[in-house]
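Okay, structure first, notes after.
The values are calculated or read from the model by the stated rules, or taken from the named source; none is laboratory data. Just so it is clear, the structure is predicted and the values come from calculations on it, not from any experiment. Neighbour counts run over all protein chains shown; Cβ positions are idealised from the backbone, glycine included. SASA here: full protein model, heavy atoms, side chains in, ligands and nucleic acids out. Shrake-Rupley method; radii C 1.70, N 1.55, O 1.52, S 1.80 Å.
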Amino acid sequence: MKALRIPCLLLSVIFLMILLNSLVIGRKCQGWIEEVYAVDSLAAQEDWTEAEKKLSALYQEWQDDQLYLRITIHRETLDSAEEQFRCSATQLSQRDISQLRTTLTSLAAQLHLLAQTEQIHLRNIF
């Protein structure tokens with residue numbers, strides 16, 4: 001019985017770390033998605049300066065978390081979201097509202113997918 005204590009403790013710690021990671025990524029992604037929708041709303045109102053500021057702040061927040069994200073999430077998923085950020089910034093600077101809204105919607109969907117991949121669910125295990 002004593003021989004099982006350390007392996008059980010180790011498995012418990014690993015499981016808790018997985019739960020914590022799921023919560024952290026989920027909350028971060030939810031906050032980013034809300035910010036993407038705020039940028040979309042500002043762009044729809046043609047408040048370009050505020051939309052650029054908000055997108056820039058969101059991108060900086062994204063960049064600040066890159067080390068953690070690169071450790072925990074597949075690179076392809078992150079690269080896709082990164083590309084959506086760049087396209088959004090370009091379209092925002094060009095004031096191309098129709099393409100911008102499409103790209104922001106894609107970015108929000110990509111962030112949602114990113115959060116889903118870190119959830120504890122059977123489809124993510126098998």
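Here is how the numbers come out for the structure above:
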read-out	value
Among ILE18, SER56, ALA44 the positive-end extreme of the charge dipole of the chain (Cβ point charges)	ILE18
Surface per residue (accessible, 1.4 Å probe) for the chain, Å²	66 Å²
Cα-centre dipole for the stretch 70-125 with unit charges at Cβ (Lys and Arg positive, Asp and Glu negative), debye to 20	80 debye
Calculated [θ] (222 nm, deg cm²/dmol) that DSSP helices of n ≥ 4 give over the chain, each run adding -39,500 (n - 2.57)	-29000 deg cm²/dmol
Folded to 0 to 90 degrees: helix 48-64 orientation relative to the chain principal axis, Cα	20 degrees
Loop sites in the stretch 2-108: GluC sites (Glu not before Pro), DSSP, at most 12 other Cβ within 10 Å	GLU46
Orientation-averaged projected area, Cα convex hull of the stretch 49-99 (nm²)	3.6 nm²
Extension gain (nm, one decimal) between THR72 and LEU23, 0.36 nm per residue minus Cα-Cα	16.4 nm
Rg to Rh, two decimals, where the chain supplies the alpha carbon set and Rh follows Kirkwood	1.14
Assigned charges on the beta-carbon of Lys, Arg, Asp, Glu; the chain dipole about Cα centre (debye)	800 debye
Contact order relative to length of the stretch 23-118, as percent, for alpha carbon pairs under 8 angstrom and 6 or more apart	42 percent
